[in-house]
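Read-outs: derived from the displayed coordinates by stated rules, not from any lab. These numbers come from a predicted model, not from an experiment. Counting neighbours? That spans all protein chains shown, and the Cβs are built from the backbone with ideal geometry, glycine included.
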Amino acid sequence: MKPYIAPSLLAADFTCLDREIGMVNASEADWLHLDVMDGRFVPNITFGMLMVEAAKRLSTKPLDVHLMIVEPEKYIEAFREAGAEVITVHQEACPHLHRTLQQIRATGARAGVAINPSTPVDTLEDVLEDLDLVCVMSVNPGFGGQKFIYRTLHKVQQLKNRLTERNLAALIEVDGGVGPQNAEVLVRAGAHVLVAGSSVFGAADPLKAVSILKNAGQESLLV
Ligand code: DX5
Ligand code: ZN
């Protein structure tokens, strides 16, 4: 199976979002990834539901909304109304994670949980049935353009094994520092969704960059 590709708008040129999102629409990307940051959970502030709503009007791809905020449960319905198809909260920001995941699913969105590089996969043991996506953060959340932390790769493998053992269909997403240099190893380890900001929007040919990621880890058709 080819991975889903989710270009992260954080690395786009915000003065021409229609063109940038138009590029994603025209590409082989599957989702558009939107990074919501509050300056509390992470040391950076980006945007909120107004931007999600604007992206919804421009995008032909489902919106994958990554909430890097404290108390995300206060805003889940609002982000769903703004057009989020996938809503991902951070394990570290949710003392009542089970309840929050149910809240997301009740809106009709897919429920995701992200784990920081320092958070073990074990912390999700008791909610694996209640989520649709696990986002393995391969950088510390807060900024685009950071270096991929290789240590996080084993969590993709661990998750793949857990999900297979328990016959669960949740998607494994990897976010941060993803590009052509590591896409293949990630897909082989079990990643279903690759989030890519700078390696797509910063590329000389973004359409080609998406295509390279989309075909990473596939057997070559050439003999
Ligand atoms: C980081 C964000 C990422 C970021 C990825 O906190 O969650 O989605 O946009 O950017 P790159 O691909 O440039 O590391
Ligand atoms: Zn993200």
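A few points about this structure:
- The range 124-223: C-alpha gyration tensor shape, a/c 1.5 cut-off, then a/b vs b/c: oblate
- The range 166-223: GluC sites (Glu not before Pro) in DSSP coil with no more than 10 other Cβ atoms inside 10 Å: Glu219
- 20 Å cut-off, amide nitrogen to a point 7 angstrom out along Ala106 Cα→Cβ, residues in the range 116-138: 127-133
- Qualifying trypsin sites (Lys or Arg not before Pro) in the range 130-207, DSSP loop, other Cβ atoms within 10 Å at most 12: Lys147, Arg166
- For Lys155, the lysines whose Cα falls under 28 Å of its own Cα, not counting residues fewer than eight places away in the same chain, are Lys2, Lys61, Lys147, Lys214.
- Candidates Phe201, Phe143, Phe14, ranked by Gaussian network fluctuation over the chain, Cα under 10 Å, top entry: Phe14
- Each 5 Å bin, from zero up to the one with the longest distance, holds this percent of the alpha carbon pairs of the range 55-186: 2, 11, 21, 22, 21, 15, 8, 1.
- Taken about its Cα centre, the chain carries a charge dipole of about 320 debye when Lys and Arg each add +1 at the Cβ and Asp and Glu each add -1 at the Cβ.
- Kirkwood radius for the chain, taken over all pairs of different Cα atoms as the inverse mean of 1/r, rounds to 17.2 Å.
- Between Arg99 and Tyr150, full extension at 0.36 nm per residue minus the direct alpha carbon distance yields a gain of 15.2 nm.
- Listed peptides 55-63, 125-133, 3-11 by packing density, highest first (mean Cβ within 10 Å): 3-11, 55-63, 125-133
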